[in-house]
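Peer 1: Structure provided below as structure tokens; questions to follow.
The values are calculated or read from the model by the stated rules, or taken from the named source; none is laboratory data. Treat the numbers as computed from the prediction; the structure is a model and nothing was measured. Cβ coordinates were reconstructed from backbone atoms using ideal geometry, including for glycine residues, and neighbour counts include every protein chain displayed. Keep in mind that these areas ignore ligands, DNA and RNA; they rest on the heavy atoms of the full protein, side chains included. Shrake-Rupley method; radii C 1.70, N 1.55, O 1.52, S 1.80 Å.
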Amino acid sequence: MGGELNFDEYESRLARPVRVKVPDFQVGDRLRHIIFSSQFTPQLLERIGRVADRIRLLAKSVPGHRFLNNLLPHKRAMLYFTQPSTRTFLSFAAACQILGMACNEVRDPAVSSEAKGESPFDSIRMFSSYFDAIIMRSAIPRFAECCAYMMNDLARTQRRNIPIINAGAGADEHPTQALLDIYTLQRAFKFESVRDSSKWKHFDELRSLYPGLRQGIAGKTFGFCGDIRRGRTARSLVQLLTLYEDITVYFIAPQHPTLALPNDLKERLLSRGMNVREVSSFEEQVDGRPVIEHLDCLYMTRIQREHNSASDENEFKEIDFSRFCLNKDLVSRMRRHAAILHPFPRDAAFGEIPTEIDSDDRAYYFRQARNGMWVRAALLAHVFDVDGAINDYYDDYTRDMQIAPG
Ligand code: NCD
């Protein structure tokens, strides 16, 4: 690693509550830096989801692809990923390509000047000289946020500054994963003829099985299973879910302080009116039925073993982790329309989702990862203000092709 990271300069800004910080990361009603999942409002999530749907349709045809490809050929992105990544990195790279943006990468600080003692803050400022956005993943929790403040300070002195997009910050936040998770849920819970839910040609049929079931994310019951405390994806998504009415969340995790729902997050969720329950297995009875049978969505996570301390290793020997792994029997008892999500990677040795589940209709995780590419393209289109052009082109395109507008 490079030189010391000193956050002193940003300490007072970092200490503010998130809702006070949010205006710092936008210009007018447009997001500029993407740092926290709480920056997204339900309206914005709808808007971005709609643009993502349009991009995915346009990208399939040669003229649509050409149009998208000509939107941002004058912009370049730096993918600065100093923590391992496959999906987030590649889907951002693909999203840039869809919009015609060039991108470049630094993935190993040992081959950059950080090996000579350069501060990562200097690296970021240097990238801003060459690129028009920095998409960054770091093990250091508040680093992306500080980089956004650094860019805002540069803007104040009329120096070059560019958007910062947090692609995973320590155990803290992963806002664009939450965005793609919500996009996946929007599609799954439409229960209409879009591809993700085309199996439900007759929503009424489904409703006769599950009276009270309605379209959309509101009113749904979620399960988050596995490594809740260290998983930044669960933390970011569950906070976004508080934006929707009448959400129940079961946290299904070992009652160990390294893994269980942390108190600060629990308090935050409760204070926003979410119905939060902590259980220790899928089989725990709630209102006369096991938890697994209540869920509209099950968000599985892997146990992040690479972060175990020596005492964790010891104490984890006492935990029966098989209780936090899915199997065919459990899946067969889930609601017919339920969506099984996982941010991936899954841990093949641990087996939280065995591959035998992959062919079940309820397994959404591969579609979820692909959704990441479309929704990240839509997010970049929002940040660079070309989403309006996409909507206009799409309207003309669907009129010409006589496709029912979506
Ligand atoms: C996750 C991450 O890096 O937070 N992966 C991802 O971005 N899809 C989850 C993990 O590493 O377990």
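Peer 1: From the residues in the stretch 352-379 that are within 15 Å of the ligand (Cβ to nearest atom), more than 30 Å from Asp29 (Cβ to Cβ) and open to solvent by less than 20 Å² (accessible area, probe 1.4 Å), which one is nearest to the chain's Cα centre (by Cα)?
Peer 2: Tyr365
Peer 1: So Phe344 clears everything in (1) open to solvent by less than 20 Å² (accessible area, probe 1.4 Å); (2) on the phi > 0 side of the Ramachandran plot except one condition, right? Which one?
Peer 2: (1)
Peer 1: Among the listed residues Thr184, Thr233, identify the single one that is touching a Pro at 6+ places or on another chain (Cβ under 9 Å), open to solvent by less than 40 Å² (accessible area, probe 1.4 Å), within 16 Å of the ligand (Cβ to nearest atom) and of a type outside the set (D, E, K, R).
Peer 2: Working: Thr184 fails: touching a Pro at 6+ places or on another chain (Cβ under 9 Å).
Unique residue meeting the criteria: Thr233.
Peer 1: If we scan the stretch 341-362, do we find a residue that is farther than 20 Å from Cys297 by Cβ, acidic (Asp, Glu) and out of contact with any helix residue (DSSP H, G or I) (no Cβ under 7 Å at 6 or more places or on another chain)?
Peer 2: Yes: one or more hits.
Peer 1: Only one of (1) among the hydrophobic types (A, V, I, L, M, F, W, C); (2) away from the ligand (no atom under 16 Å from the Cβ); (3) under 27 Å from Ile217 (Cα atoms) is not met by Ile340, so which one is it?
Peer 2: Every listed condition holds for Ile340 apart from (2).
Peer 1: Can you report the number of residues in the stretch 143-187 which are touching a Gly at 6+ places or on another chain (Cβ under 9 Å) and over 21 Å from Leu379 (Cβ atoms)?
Peer 2: So the answer is 1.
Peer 1: Considering only the stretch 80-106, state which residues are assigned to a helix (DSSP H, G or I), more than 11 Å from the ligand (Cβ to nearest atom) and either closer than 22 Å to Asp172 by Cα or open to solvent by less than 40 Å² (accessible area, probe 1.4 Å) (or both).
Peer 2: Residues satisfying the conditions are Ala93, Ala94, Ala95, Cys96, Ile98.
Peer 1: Testing Pro23 on (1) touching an Asp or Glu at 6+ places or on another chain (Cβ under 6 Å); (2) without any contact (Cβ under 8 Å) to a residue 60 or more places away in the chain, one condition comes back false. Which one is that?
Peer 2: All conditions pass for Pro23, except number (1).
Peer 1: Sticking with this one: May I ask you to list pairs of residues, at least six apart or on different chains, whose Cβ atoms are under 6 Å apart, with the first in the stretch 152-180 being open to solvent by less than 30 Å² (accessible area, probe 1.4 Å) and at pLDDT 95 or above and the second being more than 10 Å from the ligand (Cβ to nearest atom) and in a loop (DSSP other than H, G, I, E, B)?
Peer 2: Leu154/Asn161; Ile162/Asp132; Pro163/Arg32; Pro163/His33; Ile164/His33; Asn166/Ile35; Pro175/Phe36
Peer 1: What are the pairs, 6+ residues apart or on separate chains, where a residue within the stretch 185-207 that is part of a loop (DSSP other than H, G, I, E, B) has its Cβ under 6 Å from a residue that is of a type outside the set (Ser, Thr, Tyr) and at pLDDT below 85?
Peer 2: Between residues of the stretch 185-207 that are part of a loop (DSSP other than H, G, I, E, B) and residues that are of a type outside the set (Ser, Thr, Tyr) and at pLDDT below 85, the close pairs are Phe191/Trp200; Phe191/Phe203.
Peer 1: So Pro211 clears everything in (1) within 16 Å of the ligand (Cβ to nearest atom); (2) farther than 19 Å from Gln186 by Cα; (3) open to solvent by 10 Å² or more (accessible area, probe 1.4 Å) except one condition, right? Which one?
Peer 2: Condition not satisfied by Pro211: (1).
Peer 1: Separate question: If we scan the stretch 72-79, do we find a residue that is charged (D, E, K, R), closer than 16 Å to Asp392 by Cβ and either surrounded by fewer than 20 Cβ atoms within 10 Å (Cβ to Cβ) or modelled with pLDDT under 95 (or both)?
Peer 2: no
Peer 1: Here's another thing I want to ask about it. Considering only helices (runs of 4 or more DSSP H) fully contained in the stretch 267-386, which possess at least 3 residues that are hydrophobic (A, V, I, L, M, F, W, C) and in contact (Cβ under 8 Å) with a residue 40 or more places away in the chain?
Peer 2: Those helices (runs of 4 or more DSSP H) span 365-383.
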